[in-house]
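Read-outs throughout are calculated quantities, based only on the coordinates presented, and are distinct from any laboratory measurement. The structure displayed is predicted, hence computed values, not measured ones. Note that each Cβ is placed from the backbone with ideal geometry, even for glycine, and that neighbours are counted across all protein chains shown.
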Amino acid sequence: MHIGHRKSKKKPARAKPETMMSRLTLAIGGRPVKVEAMVPARPTRPHLMLPLFRELAGAVVGAAIASAAERGESIACGAGCGACCRQLVPITPPEAYDLGVYSRSLPSSRRRELQARFAAARVRLQESEMLETLLHPERVSEDDKESLALRYFGLGIPCPFLEAESCSIHPRRPIVCQEYLVTSDSAHCATPRPDTIRMVTLAGKVSSALARVDAGDGENEPWVPLIVAAEWSRAHPDRGAALPAPDILQKVLANLEKEE
Ligand code: SF4
């Protein structure tokens, strides 16, 4: 695994660059893969490095798709099929912070539209007595996660970013959404069962590696339900120490290697 960094040439020679290019050459599932994205040049936090982590996840997913194709399997997922977008979507804490940044960057009319959808979902969750649990995901045991996900799926709440059964934030969608691909018939996705859904197996999950970036050894994997991410991130401001981008990247790659 080779990791390289190059300062952006876009800045004047004497000015301190604000970003630098991060380049990785990895072997994923036996395939050589190159990943590159701009990252902050100054000490930073993981949510400001998400473009790189999305690229990394895309490379891992791409290698898995290529392996599936070699076995004669094709991906059933595509625009217009949003059945899985009614599931409980566990995003990483950095992505919860990033969604707040994204929301604030939107024109006010679009922001209000999305806020209304999140608010409607919040009402449904409150009525179903699931809201408190979802606002405190750290209290949900690993054993209880599956039944919670089943209860949530039973509510049929569409992700607020789902429009015409397609993801309206596709380039910025959570990494776990990038990683969720099936080769089974998409007709089964509305009522998924272990015997009807065939997931694409990944060499490692960047979502898990990123979720653990600030977690101690032996701690449960931190997660945040997408549907309450804005509320959660307001209640849990990111107070982690800023670190050089290469150090954060090394942590994520080390976590990813542990998964392989
Ligand atoms: S973010 Fe996009 S891909 Fe993920 S659940 Fe929502 S609509 Fe679906």
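Some notes on this structure:
- Residues K145, K205 arranged by fewest to most Cβ contacts within 10 Å: K145, K205
- Computed E for D247/S103 - FRET, C-beta separation, R0 30 angstrom, nearest 0.05: 0.60
- Spatially, region 147-194 and region 60-89 are offset by 11 Å when compared through their Cα centroids.
- Spin-label model, E257/E36: points 7 Å from Cα along the beta carbon direction are separated by 2.4 nm.
- A simple spin-label model places the labels of E165 and R111 3.3 nm from each other, with each point 7 Å out along Cα-to-Cβ.
- Listed residues V228, V123, H47: farthest to the positive end of the dipole of region 2-259 (Cβ charges): H47
- Of the DSSP H helices in the chain, those whose Cα atoms cover at least 18 Å axially and whose Kyte score averages 0.0 or more: 50-70
- With a cut-off of 13 Å between beta carbons, the residues surrounding L155 carry a summed charge of +2, where Lys and Arg count +1 and Asp and Glu -1.
- A cut-off under 15 angstrom between Cβ atoms defines the neighbours of E129, and their net charge, with Lys, Arg +1 and Asp, Glu -1, is +1.
- Inter-label distance, nm, simple model (7 Å from Cα along the C-beta direction), E73/A215: 2.5
- Among I197, I91, the order by Cβ neighbours within 10 angstrom, fewest to most, reads I197, I91.
- Partnerless Cys - the chain, beta-carbon criterion under 4.7 Å: C77, C81, C84, C167, C177, C189
- Sequence of V60, V200 once ranked by neighbouring C-beta atoms within 10 Å, starting from the fewest: V200, V60
- Gyration tensor verdict on region 2-259 (Cα atoms; rounded if a/c is under 1.5, prolate if a/b is larger than b/c, oblate otherwise): oblate
- In the chain, helical runs assigned H by DSSP with n ≥ 4 each contribute -39500 (n - 2.57); averaged across all residues and rounded to the nearest 500, the mean residue ellipticity at 222 nm is -12500 deg cm²/dmol.
- The charge dipole of region 2-259, taken about its Cα centre with unit charges on the Cβ atoms of Lys, Arg (+1), Asp and Glu (-1) only, comes to about 1560 debye.
- Taking all Cα pairs closer than 8 Å and separated by 6 or more residues, the relative contact order of the chain comes to 27 percent.
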